[in-house]
Amino acid sequence: PHPGLTVTALWTEPLSLFVGPDHPWAQRNSIRLADLSEMTMIDRPAGSEARLQSDHAFTRSSVPRGHILEADSADLIGKLTAAGLGVTLLPSSLASILPELHMIDVIDAPTRTVSVVTNPEHANAVIAAVVEDLIASSVAK
């Protein structure tokens, strides 16, 4: 982040593969990251923190990425995936808001860290309370 901002990691969770209902893998329960080599992936825009985390996971595992379609919201990613335009890696906690997709466990799954970013120069009691609630709820996960 920009200098002066504070980043607090809330939780880290593994990513799962989501496929549309007509995808050939819609009946599978698990895969390996290497199975995704050269597949069309639907992911966040290049340069976004979520995309950087996915890119690093593929780089670390030496799994080449195929074509990437970019979308800037989980809802749009879900719609594109459901339409069969590709597959996506998302936190498994999103399964409840993407019921039209089939979730597949990734045995060697990359992880995504969810963080809160604050600017101490603009801190106030409301922001502090929200951050405290986020931290408390992340501990409960």
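The values are calculated or read from the model by the stated rules, or taken from the named source; none is laboratory data. Not measured: the values here are computed from a predicted model. Positions of Cβ are backbone-derived with ideal geometry, glycine not excepted, and every protein chain shown enters the neighbour counts. Areas reflect the complete protein model, heavy atoms only, side chains present, ligands, DNA and RNA absent. Shrake-Rupley method; radii C 1.70, N 1.55, O 1.52, S 1.80 Å.
Contact annotation: residue pairs with Cβ atoms under 6 Å, 6 or more positions apart or on different chains, pairing a residue in region 38-65 that is free of Cβ contacts under 8 Å to residues at least 24 places away in the same chain with a partner that is outside any helix (DSSP H, G or I), are 51/43; 51/44.
Among 88, 111, which is the only one that is hydroxyl-bearing (Ser, Thr, Tyr) and more than 17 Å from residue 29 (Cα to Cα)? Full working, then the answer.
On the way: 88 fails: more than 17 Å from residue 29 (Cα to Cα).
Answer to the check: 111.
Looking only at region 25-51, filter to residues that are outside any loop (DSSP other than H, G, I, E, B) and either small (Gly, Ala, Ser) or under 19 Å from residue 76 (Cα atoms) (or both); which one of those is most open to solvent (accessible area, probe 1.4 Å)? Among residues in region 25-51 that are outside any loop (DSSP other than H, G, I, E, B) and either small (Gly, Ala, Ser) or under 19 Å from residue 76 (Cα atoms) (or both), the one most open to solvent (accessible area, probe 1.4 Å) is 49. Looking across 82, 57, 9, 46, one residue alone is hydrophobic (A, V, I, L, M, F, W, C), at pLDDT 90 or above and either within 30 Å of residue 119 (Cβ to Cβ) or in contact with a Cys (Cβ under 9 Å, 6 or more places away or on another chain) (or both). It is 46.
Using the structure shown, decide if residue 22 is outside any helix (DSSP H, G or I), of a type in the set (D, E, K, R) and under 14 Å from the mean Cα position of the chain (by Cα). First the steps, then the outcome.
On the way: outside any helix (DSSP H, G or I): yes; of a type in the set (D, E, K, R): yes; under 14 Å from the mean Cα position of the chain (by Cα): no.
No, not satisfied.
For beta carbons closer than 9 Å, sequence separation of 6+ or different chains, a first residue in region 123-135 that is at pLDDT 85 or above and a second that is of a type outside the set (Phe, Trp, Tyr), the qualifying pairs are 130/116.
Please list, ordered by residue number, the strands (runs of 3 or more DSSP E) wholly in region 68-117 having 3 or more residues that are open to solvent by less than 40 Å² (accessible area, probe 1.4 Å) and touching a residue at least 24 places away in the same chain (Cβ under 8 Å). Let's see the steps before the verdict.
Details: elements: 68-70, 88-91, 102-106.
Strands (runs of 3 or more DSSP E) meeting the threshold: 88-91.
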